[in-house]
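**Student:** Have a look at the structure that comes next, please.
The values are calculated or read from the model by the stated rules, or taken from the named source; none is laboratory data. The structure presented is a predicted model; accordingly, all values stated were derived computationally and were not measured. When we count neighbours, we look across all protein chains shown, and the Cβ atoms used for this are built from the backbone with ideal geometry, even at glycine.
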Amino acid sequence: MSAVQRRNRASTRARGRAAEQAAVAWLATQGYEILERNVVNHAGEIDLIARDRGGVLCFVEVKARATAAFGPAIAAVGPAKRRRLSRAAALHLAIRGLHLTPCRFDVLGLDWTGTAWRFTLVRDAFPFTP
């Protein structure tokens with residue numbers, strides 16, 4: 001890997017961390033209580049686990065795009081990603097003994113406008129897909 005590729009990768013990671021922090025702050029303004037961040041288990045990674053105002057457990061996938069060249073950020077959550085998230089969430093619920101807890105999958109897209117993030121939240125974005 002070249003020095004330029006390493007710098008670009010580091011820059012992308014830093015932008016991702018900044019976007020996730022912005023997502024956490026924005027979700028709090030929408031009434032979400034963030035319970036956990038970057039949960040990793042054998043089935044995959046869950047960006048955020050939160051509880052909404054109604055007490056529903058939400059597995060939140062955060063996607064950020066610096067440009068609109070490849071479409072909006074929320075479009076990046078396709079069928080394979082939904083399956084991985086579903087499996088990771090099912091394992092998380094089983095490990096924590098929460099298998100009877102009402103939950104849903106939300107997707108939060110952050111699209112950079114050039115001066116600020118534009119947030120697009122899709123609540124109950126997809127059903128559990130094993």
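**Student:** Scanning for something free of Cβ contacts under 8 Å to residues at least 40 places away in the same chain and of a type in the set (Val, Ile, Thr), does region 71-80 turn up at least one residue?
**Tutor:** No, the conditions are met nowhere in region 71-80.
**Student:** Also, I was wondering about something else. Please enumerate the residues belonging to region 79-106 that are under 13 Å from the mean Cα position of the chain (by Cα) and over 12 Å from ILE46 (Cβ atoms).
**Tutor:** ARG82, ARG104 - these are the residues of region 79-106 that are under 13 Å from the mean Cα position of the chain (by Cα) and over 12 Å from ILE46 (Cβ atoms).
**Student:** Name the residue that is modelled with the lowest pLDDT, counting only residues in region 1-31 that are among the hydroxyl-bearing types (Ser, Thr, Tyr) and farther than 18 Å from ALA73 by Cβ.
**Tutor:** Only one residue fits best here, namely SER2.
**Student:** Now, a different point. Evaluate the following for GLY114: is it at positive phi and free of Cβ contacts under 8 Å to residues at least 12 places away in the same chain?
**Tutor:** Against the criterion (at positive phi and free of Cβ contacts under 8 Å to residues at least 12 places away in the same chain), GLY114 qualifies.
A quick yes/no check of all residues on (1) within 17 Å of the chain's Cα centre (by Cα); (2) under 20 Å from THR129 (Cα atoms):
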residue: THR29; (1), (2): yes, no
residue: ILE34; (1), (2): yes, no
residue: ASN41; (1), (2): yes, yes
residue: ARG53; (1), (2): no, no
residue: ILE74; (1), (2): yes, yes
residue: GLY114; (1), (2): no, no
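**Student:** Looking only at strands (runs of 3 or more DSSP E) that lie completely in region 26-130, which have at least 2 residues being loosely packed, with under 15 Cβ neighbours inside 10 Å?
**Tutor:** Counting at least 2 such residues, we get 33-41, 117-126.
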